[in-house]
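These notes are about the structure you will find just below.
The values are calculated or read from the model by the stated rules, or taken from the named source; none is laboratory data. In this text, all values refer to a predicted model and were calculated from it rather than measured experimentally. Virtual Cβ from ideal backbone geometry, glycine too; neighbours counted across all protein chains shown.
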Amino acid sequence: MDEPKRLYRPRTGRMLSGVCAGLANYFGMDPTLVRVIYAILSVCTAIITGAIIYVILLLIIPEEPNRYQR
């Protein structure tokens, strides 16, 4: 049986902490596109709001387990 789709912050291919890369992997999008959309939304709403949301997602989304963890 297929394992359910999980949202993780990847260990590779990330810029800061992997929040945008994790969201891109989960939704099957290009990470650069997700980063650009996030940056535009952060500037349009207020930069501090975008930073707060990023920190919350950083705390909520777990890091991808390495190949030695099960």
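Looking across the stretch 42-70 at every residue that is surrounded by 11 or more Cβ atoms within 10 Å (Cβ to Cβ) and hydroxyl-bearing (Ser, Thr, Tyr), the one that is nearest to residue 16 (Cα to Cα) is identified as 54.
Restricting attention to the stretch 2-20, which residues are over 16 Å from residue 51 (Cα atoms), under 10 Å from the mean Cα position of the chain (by Cα) and modelled with pLDDT of 85 or more?
Quick first cut of the stretch 2-20, residues over 16 Å from residue 51 (Cα atoms) only: 2-14.
Right, trim to under 10 Å from the mean Cα position of the chain (by Cα) and you get 7-10, 14.
Answer for the stretch 2-20, where residues must be over 16 Å from residue 51 (Cα atoms), under 10 Å from the mean Cα position of the chain (by Cα) and modelled with pLDDT of 85 or more: 7, 8, 9, 10.
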